[in-house]
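Colleague: Starting off with a structure, shown below.
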Amino acid sequence: MLLRFDHAAVDPLWDDLNLTLDRGEFLAILGPNGVGKSTLLNTVLGMRPLTAGSLSVEGKVGFIPQQRMFPEHLPIRARDLVSLALEHRLFRKPDPKRVDALLAQVGALGIADHRVSTLSGGQQQLIRQAQALAKDPDILLCDEPLLSLDVHMQQKVVKLLHQRCQEGTGVVVVTHGINPVLEYVDKVLYITHNGNVLGSVDEVMNSQTLSELYQTEVTVTRINGKVVVI
Ligand SMILES: Nc1ncnc2c1ncn2[C@@H]1O[C@H](COP(=O)(O)OP(=O)(O)OP(=O)(O)O)[C@@H](O)[C@H]1O
């Protein structure tokens, strides 16, 4: 077991959260703005304490933060940032081939020598992904990893996350849209100001469950296999 929340709470955001994550599992976390999804990731990172209950974390944690631009005048190339994320030994820099492999994995080899501050928001997001993968994490936390990415790049990133799952990593994705990850999600945690529900996509993303969570009538339907919430 990589992660375990037992009756966990961060007052006043959410409480009575019960959740486990095993190796190779893909968890999507959904919910309205400001409900505390990023805060939940921060508890795993040890940056935010629980106010009740318990949390155990096993293994190395990688983190892809919600998009934030790198400082405007940062005089560092993309490949240097990824290299810095790899393990350094005295007088021995990380193998450049390893850096290239990480950049290639996220589709960013072509921008390896660009200064990060000159990259677009989406390109900077790819560099953050390569940094997160550098530590070969057991748990990969992703906060809106598809933001600012075009459809092609979104698909590439989702496939990469799925591949990590198949290799045994537990993947946690905070997202406002379930559809890009629908195919690969094992379970969904839906948090609202009225409580939270954990289950399979079908158990959570249905009219009855979301209506109860939002305490108002919500219709969930499928169009061409995609989940549409009205
Ligand atoms: N460092 C902080 N100090 C105080 N309050 C914070 C801090 N970070 C977040 N908050 C507040 O905690 C609440 C939850 O924020 P959080 O970012 O976890 O929500 P979220 O569900 O991820 O939202 P979104 O979907 O908009 O990204 C918000 O009301 C936010 O203003």
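The values are calculated or read from the model by the stated rules, or taken from the named source; none is laboratory data. From a predicted model like this one, the values you see are computed outputs, not experimental measurements. In this analysis, Cβ positions are derived from the backbone assuming ideal geometry, glycine residues included, and neighbour counts consider all displayed protein chains. Accessible surface areas use protein heavy atoms only, side chains included; no ligands, DNA or RNA. Shrake-Rupley method; radii C 1.70, N 1.55, O 1.52, S 1.80 Å.
Colleague: Spelling out what I want: for every residue of the stretch 220-230, take phi, set θ = phi - 60°, compute 6.51 cos²θ - 1.76 cosθ + 1.60 (Karplus), and round to whole Hz; glycine and proline get x.
Modeller: Result, rounded to whole Hz: 10, 9, 10, 10, 6, x, 8, 7, 10, 10, 10.
Colleague: Relative contact order, percent, of the stretch 72-136 when contacts are C-alpha pairs under 8 Å separated by at least 6 residues?
Modeller: 49 percent.
Colleague: Amide H neighbours of Ile29 under 5 Å, at least 5 residues apart or on other chains, H built in the peptide plane: list them.
Modeller: For Ile29, whose amide H was placed from the backbone, the distant partners under 5 Å are Val173, Val174, Thr175, Leu189.
Colleague: Under 10 Å from the Cβ of Arg79, count the other residues' Cβ atoms, weight Lys and Arg +1, Asp and Glu -1, and hand me the total.
Modeller: Its environment carries a net charge of -2.
Colleague: A further question follows. Suppose every Lys and Arg Cβ carries +1 and every Asp and Glu Cβ carries -1, with no other charges. What dipole size does the chain come out with about its Cα centre, to the nearest 20 debye? Don't jump to the answer; show the numbers that get you there.
Modeller: On the way: 22 positive and 25 negative charges, 213 e Å.
Dipole magnitude for the chain comes out near 1020 debye.
Colleague: Under 10 Å, Cα contacts only: if you run a Gaussian network model on the chain, which one of Leu140, Leu103, Leu81 comes out with the highest mean-square fluctuation?
Modeller: So, out of Leu140, Leu103, Leu81, the one fluctuating most is Leu81.
Colleague: Right, another one. In the neighborhood of Asp143, defined by Cβ-to-Cβ distances under 14 Å, what is the net charge if each Lys or Arg adds +1 and each Asp or Glu adds -1? Walk me through the numbers on the way to the answer.
Modeller: On the way: positive: Lys37, Arg48, Arg68, Arg128; negative: Glu144.
Counting the neighbours of Asp143, the net charge comes to +3.
Colleague: Follow-up. Identify which of Asp186, Asp138, Asp95 has the largest mean-square fluctuation in a Gaussian network model of the chain, with springs joining Cα atoms closer than 10 Å.
Modeller: Taking springs between Cα atoms under 10 Å, the residue moving most is Asp95.
Colleague: Pull up all non-local amide H partners of Ile76: gap of 5 or more, or a different chain, and H-to-H distance under 5 Å with H placed in the peptide plane.
Modeller: Val116, Ser117
Colleague: Pull up the DSSP beta bridges for the chain and report the antiparallel fraction as a percent, rounded to 5.
Modeller: Of those bridges, close to 55 percent are antiparallel.
Colleague: Next question. Can you give the net charge of the other residues whose Cβ lies under 13 Å from the Cβ of Phe70, counting K and R as +1 and D and E as -1?
Modeller: After counting each charged neighbour, the total is +2.
Colleague: May I pose another question? Pairs of alpha-carbon atoms within less than 8 angstrom and 6+ residues apart define the contacts here; what relative contact order does the chain have, in percent?
Modeller: 26 percent.
Colleague: Using the Karplus equation 6.51 cos²θ - 1.76 cosθ + 1.60 (θ = phi - 60°), what ³J(HN,Hα) coupling, rounded to whole Hz, does each residue of the stretch 49-57 give in order, writing x for Gly and Pro?
Modeller: So the J values, rounded to whole Hz, are x, 6, 9, 7, x, 9, 9, 10, 10.
Colleague: Most mobile of Gln154, Gln124, Gln215 per a Gaussian network model of the chain (Cα springs, under 10 Å)?
Modeller: Of the options given, Gln215 has the highest mean-square fluctuation.
Colleague: How big is the charge dipole of the stretch 72-136 about its Cα centre, in debye rounded to the nearest 20, if each Lys and Arg gets +1 on its Cβ and each Asp and Glu gets -1 on its Cβ?
Modeller: 180 debye
Colleague: Taking every alpha carbon pair in the chain, what does the distance histogram look like in 5 angstrom bins from 0, in percent?
Modeller: 1, 6, 14, 17, 18, 16, 12, 8, 5, 2, 1, 0, 0
Colleague: Sort out for me the Cα centre separation of the stretch 9-61 from the stretch 94-156, rounded to whole Å.
Modeller: Cα centroid to Cα centroid, the span is 24 Å.
Colleague: Mind checking which of Gln123, Ser83, Gly110 is farthest towards the positive end of the stretch 72-136's charge dipole, using Cβ charges of +1 (Lys, Arg) and -1 (Asp, Glu) about the Cα centre?
Modeller: Ser83
Colleague: Enumerate the lysines that Lys159 could reach by cross-link, defined here as Cα to Cα under 27 Å, with residues fewer than 8 away along the same chain left out.
Modeller: Reachable lysines: Lys37, Lys60, Lys97, Lys135, Lys187, Lys226.
Colleague: Give the residue from Met153, Val171, Gly31 lying farthest towards the positive end of the charge dipole for the chain; charges sit on Cβ (+1 for Lys and Arg, -1 for Asp and Glu) and the dipole is referred to the Cα centre.
Modeller: Result: Met153, furthest along the dipole toward the positive end.
Colleague: OK, next. With the full set of protein chains in place, find how many percent of the accessible area of the chain is carbon and sulfur; take the probe as 1.4 Å.
Modeller: Details: 5720 of 11500 Å².
Solvent-exposed carbon and sulfur of the chain make up 50 percent of the total.
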